[in-house]
Amino acid sequence: MSKELFAVFGNPIGHSKSPLLHNALFRELCIDACYTRYLLEDGEALKSRFFSLGLSGANVTVPFKENAFEACDERDYYAQNIGAVNTIKLKEGKLYGYNTDAPGFMASLDGFRPKSALLLGAGGTARAIAYALRAEGIEPIVANRGEARLSFFKERGFCSVTFANLKSFDFELVINSTSAGLESDSLPCDKELLHSALGGAKLAYDCIYKETPFLKEAHSCRVETKSGLDMLIWQAFFAFEIFSGKKLDQKMVEVMKYAAY
Ligand code: NDP
């Protein structure tokens, strides 16, 4: 049998750690496969590129997760609800789509199950996290800068407000799922609001996988912090289970972490 090929599609894609994570596991488990990155210019071309490259599976990152959703023939529970796919597996000529950001986020909490959660941001990542929390019986409050993206959450029964209308501040978990702090030193919302939200928090969680202004503020409020690196690792762990069709030993998380640092 010939070597299987996997890829991550995105734009930009040069920064992606996915090849490091997946190739580390292929080596560790002696699987004859290879994982690469692919810079996609046009999301509409995702499906044809998947087949022309001869891929067995793929991950999809910003900004093509919705194109990936459209490209698939079948979708799992999370993908269906979120409207976005980050993992594609080819089976008997059909494309199966999954969203592993949602279980990846939950697994990254290391068993912490907050009684209340504030989710800052209303983009694709917020959708995944909102459904992941709901599956655990935790209904987050979704707060966003603008009104437009909140309609997705309102239509699905999530309590959602703009920052200006956020009035309650009793949260055990505060998550930044905005892209504020990714390439600038901006906070997701104004400092005063953030301090009120962090007041009683047990954990401040940033989906971005570096030390952000949000996490620095949380430190200054003496709140425990977590970056998005574990979420990245766990979404890759679940994607690898889908690609390989194998249940992975949790020790493989350490192999991925070692490769990512
Ligand atoms: P989207 O583009 O779908 O959504 C962006 C969100 O950020 C919107 O709610 C937008 O608000 C908000 N936003 C952008 N800039 C600002 C700002 N300056 N101040 C306040 N709010 C802002 O992005 P995604 O949901 O796909 O990704 C969000 C973040 O999550 C990214 O930083 C990404 O890197 C990270 N991520 C991490 C993963 C991991 O595995 N660790 C996985 C996936 C994503 P508005 O609607 O008002 O414009």
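The values are calculated or read from the model by the stated rules, or taken from the named source; none is laboratory data. Being a predicted model, the structure only gives us computed values, none of them experimental. Ideal geometry is used to build each Cβ from the backbone, glycine not excepted, and the neighbour counts take in all protein chains shown. Ligands, DNA and RNA are excluded from the accessible area calculation, which covers all protein heavy atoms including side chains. Shrake-Rupley method; radii C 1.70, N 1.55, O 1.52, S 1.80 Å.
Listed values, structure above:
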read-out: Members of region 68-126 found to be within 11 Å of the ligand (Cβ to nearest atom), buried (at least 19 other Cβ atoms within 10 Å of the Cβ) and not hydrophobic (A, V, I, L, M, F, W, C), listed by number; value: ASN86, ASN99, THR100, ASP101, GLY104, SER108, GLY121, GLY124, THR125
read-out: Residue that is farthest from the ligand (Cβ to nearest atom), among those in region 175-201 that are farther than 23 Å from VAL62 by Cα and touching a helix residue (DSSP H, G or I) at 6+ places or on another chain (Cβ under 9 Å); value: ALA201
read-out: Filter result (open to solvent by 30 Å² or more (accessible area, probe 1.4 Å), assigned to a loop (DSSP other than H, G, I, E, B) and either more than 10 Å from the ligand (Cβ to nearest atom) or of a type in the set (A, V, I, L, M, F, W, C) (or both)) within region 202-220; value: LYS202, GLU211
read-out: Members of region 127-140 found to be open to solvent by 40 Å² or more (accessible area, probe 1.4 Å), more than 11 Å from the ligand (Cβ to nearest atom) and within 15 Å of SER177 (Cβ to Cβ), listed by number; value: ARG134
read-out: Where GLU139 falls short, out of the listed (1) free of Cβ contacts under 8 Å to residues at least 40 places away in the same chain; (2) out of contact with any strand residue (DSSP E or B) (no Cβ under 9 Å at 6 or more places or on another chain); value: (2)
read-out: Residue that is most open to solvent (accessible area, probe 1.4 Å) [pool: residues in region 47-66 that are in a helix (DSSP H, G or I) and among the small types (Gly, Ala, Ser)]; value: SER52
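Per-residue answers, yes or no, for (1) within 22 Å of THR100 (Cα to Cα); (2) open to solvent by less than 30 Å² (accessible area, probe 1.4 Å); (3) free of Cβ contacts under 8 Å to residues at least 60 places away in the same chain:
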| position | (1), (2), (3) |
| --- | --- |
| SER151 | no, no, yes |
| ASN165 | no, no, yes |
| SER168 | no, no, yes |
| PHE171 | no, yes, yes |
| CYS189 | no, yes, no |
| SER196 | no, no, yes |
| GLY200 | no, no, yes |
| ARG222 | no, no, yes |
| PHE238 | yes, no, no |
